[in-house]
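The values are calculated or read from the model by the stated rules, or taken from the named source; none is laboratory data. Values in this document were obtained by computation on a predicted structure and should not be read as measured data. A quick note on method: Cβ atoms are made from the backbone with ideal geometry, for glycine too, and the neighbour counts reach across all protein chains shown.
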Ligand code: ADP
Ligand code: MG
């Protein structure tokens, strides 16, 4: 790539771009960079413009909105640069690794830890396009702040026909109505949070199949079980919470607001906030 090491002069003036690649997504390469003035580290998301051909205006209006967003569980955007071939977005660095990486090393989380993690996801959920690989810890170590790193830009970057393809990336989390191409919006995220909660508690997925076709039909059936062998020690409250999120009818699923008030979550929220 002839442009591999070309950066807009303005970007270079403010940030030193390191060789460290934090990750690659479907549209972006993410590198670590250092703010020259403060020495603080950030993530630099580089999106090639050919990925957004014809949709530049949408990207810009979306980014203008995202610049205003400040939320403890959503990665903030700090600066935006542009070259003839790419868009460069400087965001908070989340250096603690993926939630699911930590799950792999632990096997499963305790109910208290899982409930706390899910409450952080719920608080960040105003933002769309929830995918497990976009849930990163802010810092390494136990009990780090959990952040949603994706901006939901994928909606702009993808065309409609890609919905199925993208959901194939993490098919186990996607709601049946997405696979059937007849649903979108917040209830889809709430379903994914149901799947995530399930996985955090037992370390395996509620829907499965030997291949993708089997997995899809399993999701479309929408049937899952709390197998006694793994769930006998887990509270009815936790199961009730998951049932509320994995309701087949998207209109009957818990909303983010309702989920935050569910006793399985509310019981674990910091108690220094007086109830109202
Ligand atoms: P895409 O939208 O193209 O999938 P992502 O924003 O998901 O790109 O970034 C790709 C990968 O880069 C992520 O899965 C993650 O591993 C890493 N990454 C993204 N943002 C950050 C960040 N703020 N801090 C650390 N790593 C990040
Ligand atoms: Mg991604």
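Structure summary
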| quantity | calculated |
| --- | --- |
| Some residue of segment 69-91 being farther than 29 Å from residue 193 by Cβ and within 16 Å of ligand 2 (Cβ to nearest atom) | yes |
| Top-ranked residue in segment 10-32 [being part of a strand (DSSP E or B), within 11 Å of ligand 1 (Cβ to nearest atom) and in contact (Cβ under 8 Å) with a residue 12 or more places away in the chain; ranked as farthest from the chain's Cα centre (by Cα)] | 20 |
| Sole exception among (1) buried (at least 20 other Cβ atoms within 10 Å of the Cβ); (2) at pLDDT below 85; (3) under 25 Å from residue 244 (Cβ atoms) for residue 121, by number | (2) |
| Selection from segment 206-254 of residues that are within 24 Å of residue 115 (Cβ to Cβ), assigned to a loop (DSSP other than H, G, I, E, B) and over 24 Å from the mean Cα position of the chain (by Cα) | 225, 226, 227, 232, 233, 234, 235 |
| Residue in segment 112-124 that is farther than 21 Å from residue 256 by Cα, outside any strand (DSSP E or B) and over 11 Å from the mean Cα position of the chain (by Cα) present | no |
| Matching residues in segment 33-65 - criterion: being touching a helix residue (DSSP H, G or I) at 6+ places or on another chain (Cβ under 8 Å) and more than 13 Å from ligand 1 (Cβ to nearest atom) | 35, 36, 37, 49, 55, 56, 58 |
| Subset of segment 51-99 [assigned to a helix (DSSP H, G or I), farther than 21 Å from residue 144 by Cβ and touching a residue at least 12 places away in the same chain (Cβ under 8 Å)] | 51, 52, 58, 59, 62, 63, 66, 67 |
| Filtered residues of segment 146-179 (kept if assigned to a loop (DSSP other than H, G, I, E, B), touching a helix residue (DSSP H, G or I) at 6+ places or on another chain (Cβ under 7 Å) and modelled with pLDDT of 55 or more) | 149, 150, 151, 153, 170, 174, 175 |
| Checklist (1) surrounded by 12 or more Cβ atoms within 10 Å (Cβ to Cβ); (2) more than 16 Å from ligand 1 (Cβ to nearest atom) applied to residue 68, failing item | (1) |
| Number of positions in segment 99-143 that are out of contact with any helix residue (DSSP H, G or I) (no Cβ under 6 Å at 6 or more places or on another chain), closer than 17 Å to residue 23 by Cβ and within 13 Å of ligand 1 (Cβ to nearest atom) | 10 |
| Condition broken by residue 48, with the remaining ones in (1) in contact (Cβ under 8 Å) with a residue 12 or more places away in the chain; (2) over 23 Å from residue 147 (Cα atoms); (3) more than 16 Å from ligand 2 (Cβ to nearest atom) satisfied | (3) |
| Conditions (1) under 25 Å from residue 123 (Cα atoms); (2) in a loop (DSSP other than H, G, I, E, B): number failed by residue 38 | (1) |
| Top-ranked residue of segment 103-136 - restricted to ones that are away from ligand 2 (no atom under 16 Å from the Cβ) and touching a strand residue (DSSP E or B) at 6+ places or on another chain (Cβ under 7 Å), ranked as nearest to residue 238 (Cα to Cα) | 117 |
